[in-house]
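Structure first, commentary second.
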Amino acid sequence: MHQDFAPILDPKGDGVDIAVEALRSGKLVCIPTETVYGLAADATNDKAVASIFDAKERPAFNPLIIHVADESKAWDHAVSCEPARTLADKFWPGPLTLVLPRRKESNVSLLASAGLDTLALRVPAHPVAHRLLAAADFPIAAPSANRSGTISPTRVSHVAGNFADSIAGVVDGGPCQIGLESTVVGFDGDVPVLLRPGGIATEQLEAIVGVLLSADPDSKVVAPGMMKRHYAPNSTLRLDATDVRPGEVMLGFGQQMPPDAPRHSLNLSKTGDLDECAANFFAMLRELDDIGATGIAVMSIPETGLGKAVNDRLRRAVTPDQV
Ligand code: TXA
Ligand code: MG
């Protein structure tokens, strides 16, 4: 039966139990995490995992992140190394994903890892995600709950109408506190490699494990999902804008927003706070995109802290479609 909106499941009531039962029976559920909402399935169920790829129209070569309740469960599925354990001890639960060699005995679907011999693992900090994972006796595969290549969802309203026919419900965890996907770190031997900047600032990771290698397209360790064009709104983005041109609205940052910025323009953080900027980023981009302006003039955002991850998403949103 067609439905326009999936049921909203309230975690204050029996929402978490309903979600776990649905996942156990092979259905998909949208779940909150502190980064973005995820489209979740039992990671050990091949058919359920396949339906994530279907619903998102996601290329099957792009592997999914596997979510577990705590660090010890992560090591049931992947082989750790010293810097991985150091990072996990310090940043889990939290917005960090570690890509590590998969254990032969792991029951995670091979489709979830797109046939790679590594697994991407994360222990989310959102209390509702944690309750869900603790109640489920299986790991949960969950990519961001948006169609492949579009803006990631950070509010229930961003997901409620999506996938209405493919999911059993959306667990309401409120607005996502971090607002950007997790930082993804892989390892070249024992050396950490930054695969995707995200919700934990690179500087914070480097303070603990030293300089991270960067993943270039030729390096041994890459994230197949880091396609050049991604996170794309419909409106054209103009980066590093200092003015607003006819037909544009402005996505500002800090106190220097031009006084003549048109109505509907938004400011990511009036005080120039990069954490606040990250938390608002996807939601404000969506809001401006929905106005249907010809273009969005985006002011420049400092390349430090979470600003790096925001700039990464902005650059990917303006890169022309790849063939
Ligand atoms: O914050 C997040 O990470 C959110 C929430 C829901 O947890 N999830 C998320 O998943 O952003 P997704 O599927 O949109 O992004 C996963 C990224 C992709 O770039 C993918 O290629 C990479 O992680 N990845 C997953 N498994 C990998 C692996 N085995 N090796 C390298 N990269 C991997
Ligand atoms: Mg995504």
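Summary of values
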item	result
Cα-Cα separations in segment 61-213 greater than 24 Å, expressed as whole percent	32
Reach of Lys104 by Cα under 12 Å, taken over aspartates and glutamates that are not fewer than 8 positions away in the same chain	Asp76, Asp117
Accessible area in square angstrom per residue, segment 8-214, 1.4 angstrom probe	37
Nearby aspartates and glutamates by direct alpha-carbon distance to Lys27 (threshold 16 angstrom, same-chain neighbours under 8 apart not counted)	Asp17, Asp42, Asp46, Asp54, Asp137, Asp165
The chain, Cα convex hull volume normalised per residue, Å³	135
Cβ-based charge dipole, the chain, positive-most Cα from Trp92, Ala60, Val36	Ala60
Rounded Å value of the spacing that divides the Cα centres of segment 235-258 and segment 1-50	37
Candidates Ala297, Ala41, Ala278, ranked by Gaussian network fluctuation over the chain, Cα under 10 Å, top entry	Ala297
Rg to Rh quotient for segment 102-147, alpha carbon positions, Kirkwood Rh	0.98
Residues of type aspartates and glutamates that Lys12 reaches as a straight line, Cα spacing below 16 Å, ignoring anything fewer than 8 places off in the same chain	Asp172
Heavy-atom surface of segment 236-322, accessible at 1.4 Å and reported per residue (Å²)	49
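The values are calculated or read from the model by the stated rules, or taken from the named source; none is laboratory data. No experiment lies behind these values; they were computed from the predicted model shown. In this analysis, Cβ positions are derived from the backbone assuming ideal geometry, glycine residues included, and neighbour counts consider all displayed protein chains. Accessible surface areas use protein heavy atoms only, side chains included; no ligands, DNA or RNA. Shrake-Rupley method; radii C 1.70, N 1.55, O 1.52, S 1.80 Å.
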